[in-house]
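Report on the structure given below.
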Amino acid sequence: MTLLQTHLSTDPAAPLARRNPVAKLAAALLPSLVLLVSVDPVSSGLLLAAWLVSVPAWGVGWPGLLRRLWPLGLALVMVALGNAVFTDRKGGATLLEAGPLLLTAESLATGLTAGLRVAAIALPGVLAILTIDPVDLADALVQHLRVPARFAYGSLAAFRLAPLLAAEWEVLGRARRARGLGGDRNPARALAVLGGRLFALLVGAVRRGTQLAVAMDARGFAASAHRTSARRQTFTRADVALIAGSVLLTALAVTTAVATGAWSPLLS
Amino acid sequence: MTGSADGSGGARGVAVRLRGFGWRYAGRKAWACRGVDLDLEPGERVLLVGPSGAGKSTLLRAVAGLLDPETAAEHEGSVLVDGVPAAAARDRVGMLLQDPESSLVMSRSGDDVAFGLENLGVPPEHIWPRVDAAFAQVGFPYDRDRPTAALSGGEQQRLALAGALVRRPSVLVLDEPTANLDPAGTATVLGAVSSALAGGSGAGTTLLMVEHRVDVAAGLVDRVVVLEPGGGVADDGPPAEVFGRRGAALAAAGVWVPAPWGPPAPPFTSGPGGDVLLTARDLSLTYPRARRPALSSAWLSVRRGTAVAVTGTNGSGKSTLAMLLAGLLPPDTGEVLLDGADRPLHRWRPRDLCRRVGTVFQDPEHQFVARTARDELLVGPRRAGVAAGEAAARADELLERLRLTRLAGANPFTLSGGEKRRLSVAAMLATAPDLLVMDEPTFGQDARTWAELLNLCVGLRAAGTAIVAVTHDEAFADALADERVTVAGGVLAADARVRS
């Protein structure tokens, strides 16, 4: 199981998939934070290239990744197109003009940069999340970052209920249809039915949550003073190396962007 | 082993001692239970019985130390486990709850059992051997990495049992552990309880259980305690004596009394029969992201004035069949046609559908959409365009017939289990449908509601209604079904026991 609860086959023994969840999240988040600061093709392009090269090391197959990521790809194309059309940088040769729609060389470059940046920010997060087991994440958060066990394992248990709630949502829809509700053209009435269904889901979720809390307390979760951990998460040199590598790559990308004059911070 | 730990604590230990115990929840007028005096000796196997509302679950939670005094308006008396107040003795009590899906914490089986040991602060090197021993104790057939989501209900409950036993409790408390299971799952869970307590580390464990299928639980215990609503312990003794003395009274109060002492199963009565009302042709359905079809190529016809029982294990596809027959799910292939209509049932508008087909869901709460019980009965008729006066008259008649008149103004969510069931059936009958589809209608019901449901179905069928009941309940199917169909692995088979 992974955080996205997909059926994507990943190889848990791959060099990067094996890393500590906290290290993976840190390595994925640091470069993304830096990319949020600047909009330029050089730093985004370099980092995206690095992440693309690293894909096999995460133990994620290309076909599966593409199958999972096509919505993200679609979003990227929309971001690029939207930026290309609506930017006010309209210099360079005109490529396409149809009524109010104007696409020039400069606006196309702006669009591509925007798409590149979003891809470079999203991809590492997706790779990390696809290869992190939620149980390992909770263990690592508790053991390395001293996150309270009550929060980490409570969230983990609640997380396990998500697919049950999804199934319940379907059942509630059928139950409403059986009562003669739904299929209305009147939007106010449709909204009222949807609201009732959401409320019923909420009631069910609270009930399940309460039962889960009782079940956890029955096994001593609340009363636990000195909790041990059955699964020891290790933070090895390889984990440090992963974070260091990510920092180094980010520094390299930023330096290159500054040196080539492409670096353009958003707030300046 | 647990007895020796506190053998020094004076008199030979009583495992559980309740004195004058009473509990009233905040916002309730009546006490959930009151005046309970009870002693359980170490190693005793005790079944708690009583009509619904006798406070059985409250008592179990009190023993498990899970009652929060902040949720009580008033409480009195004492509950001691091994001589210690129950709230401070949580580590000595293991508990198994009704719904295993909401009691498992982790995504891998081994991690889930280990969870209770981590909370105890057991050193990591001792955790896994104890997990493996608990697996063996309950006969868990998989390894530690088995995803808990891939287990059947019975297997999940066995895993939850391992999670309770791994903490080596001196008292094991079971709160209707088989309520959500099919007969096969029930047998494996109760089998696991009985063998886990038969020897080894489980031998000295005291068992306290509530189980509404008293017939299946009676074999596990050597003592039966009868609770009376608000009246403490009404009777106490070996099963044969207690049921011999009180069998008839308990049965009249809705308790399922086991075979030699309970009333005989109701005899089969056949329906009047009639023309074909519903035809299902070549129904198949595969849920998104499922590996195999939930139902493949099912053919079925249902006649007016007959009852069809659909049986099969959990996950066999019988509930899917019910949803398809009721027009609530679109099939991948095939269609369901009602009474000569051209348009398949799943494409009917909801307001048209509810006039002809009523569906009773397994969980009544899923169907509640109104603020009061009476409003609940007016929803369908209003949608189907029935005149207000006629709908109101019908609602009052149904409330009367199902003993709900007293509760007409109550919020449906606040009713008891049996009342919720009766209300959900009444709500579907308000539009006088030709076909009634029921998914596990008798699930979790006491003997009284059970008999009422059966009589209601018999009456509806005599008036020409067609009934399709998906059920695990063999006694219900035996008493009602004119025809029987079994589903296994998504494939339909007419049962050999067809009555003509």
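Classify the protein assembly as shown as rounded, prolate or oblate, taking a ≥ b ≥ c as the square roots of the eigenvalues of its Cα gyration tensor: rounded when a/c is under 1.5, otherwise prolate if a/b is larger than b/c and oblate if not.
The shape class here is oblate.
State the antiparallel share, in %, of DSSP beta bridges confined to segment B:2-252, rounding to the nearest 5.
55 percent
When the Cα centres of segment B:423-439 and segment A:129-194 are compared, how far apart do they sit, in Å?
Computed from Cα coordinates, the inter-centre distance equals 30 Å.
Does segment B:135-271 come out rounded, prolate or oblate by the C-alpha gyration tensor, with a ≥ b ≥ c the root eigenvalues, rounded set by a/c under 1.5 and, if not, prolate when a/b is larger than b/c and oblate if not?
Note, shape of segment B:135-271 comes out oblate.
Roughly what % antiparallel, to the nearest 5, for the DSSP beta bridges in chain B?
Of the beta bridges lying entirely in chain B, close to 50 percent run antiparallel.
Restricting the count to DSSP beta bridges whose residues both fall in segment B:276-494, what percent are antiparallel, rounded to a multiple of 5?
So the antiparallel bridges in segment B:276-494 amount to around 45 percent.
Work out the FRET efficiency for A:LEU96 and A:PHE199 from their Cβ-Cβ distance, taking R0 = 51 Å, and round it to the nearest 0.05.
0.55
Local charge sum around B:PRO124 (other residues, Cβ-Cβ under 9 Å, Lys/Arg +1, Asp/Glu -1)?
For residues surrounding B:PRO124, the net value is 0.
Classify segment A:103-199 from the C-alpha gyration tensor, please: rounded if a/c falls under 1.5, else prolate or oblate depending on whether a/b exceeds b/c.
Because a/c hits 1.5 or more and a/b fails to exceed b/c, segment A:103-199 counts as oblate.
Hey, what's the Cα Rg ratio for segment B:276-494 versus the globular rule of thumb, 2.2 N^0.38 Å?
0.98
Roughly how far apart, in whole Å, are the Cα centres of segment A:54-77 and segment B:265-297?
42 Å
To the nearest 0.05, how large is the calculated FRET efficiency for B:ARG371 and A:ASP11 if R₀ is 60 Å and r is the Cβ-Cβ distance?
0.65
Could you tell me the center-to-center distance, by alpha carbons, between segment A:240-268 and segment B:301-354 in angstrom?
62 Å
Segment A:155-210: which trypsin sites (Lys or Arg not before Pro) are DSSP loop and have at most 13 other beta-carbon atoms within 10 angstrom?
Answer by residue number: A:ARG185.
At what distance in nm do the modelled label points of A:ARG237 and B:ASP339 sit from each other, each positioned 7 Å from its Cα along Cα→Cβ?
In this crude label model, A:ARG237 to B:ASP339 measures out at 8.0 nm.
Enumerate by residue number the trypsin sites (Lys or Arg not before Pro) in segment A:1-109 meeting two conditions: DSSP loop (anything except H, G, I, E, B), and at most 15 other Cβ atoms within 10 Å of the site's Cβ.
For trypsin sites (Lys or Arg not before Pro) across segment A:1-109 that sit outside H, G, I, E and B with at most 15 neighbouring Cβ atoms in 10 Å, the list reads A:ARG89, A:LYS90.
Within chain B, which is the longest segment containing none of the trypsin sites (Lys or Arg not before Pro) that sit in a DSSP loop and have at most 12 other Cβ atoms within 10 Å?
With a cap of 12 other Cβ atoms within 10 Å, the longest stretch comes to B:30-288.
Can you tell me how much longer the chain between A:MET78 and A:ALA105 gets when fully stretched, taken as 0.36 nm per residue apart minus their C-alpha distance, in nm with one decimal?
7.9 nm
Note the direction-averaged projected area, equal to a quarter of the hull surface, for the Cα convex hull of chain A, in nm².
So the mean shadow area of the Cα hull is 21.0 nm².
Where a number appears in this text, it was derived from the coordinates with a stated rule and is not lab data. No experiment lies behind these values; they were computed from the predicted model shown. With ideal geometry, Cβ positions are generated from the backbone for all residues, glycine too; neighbour counts draw on all protein chains shown.
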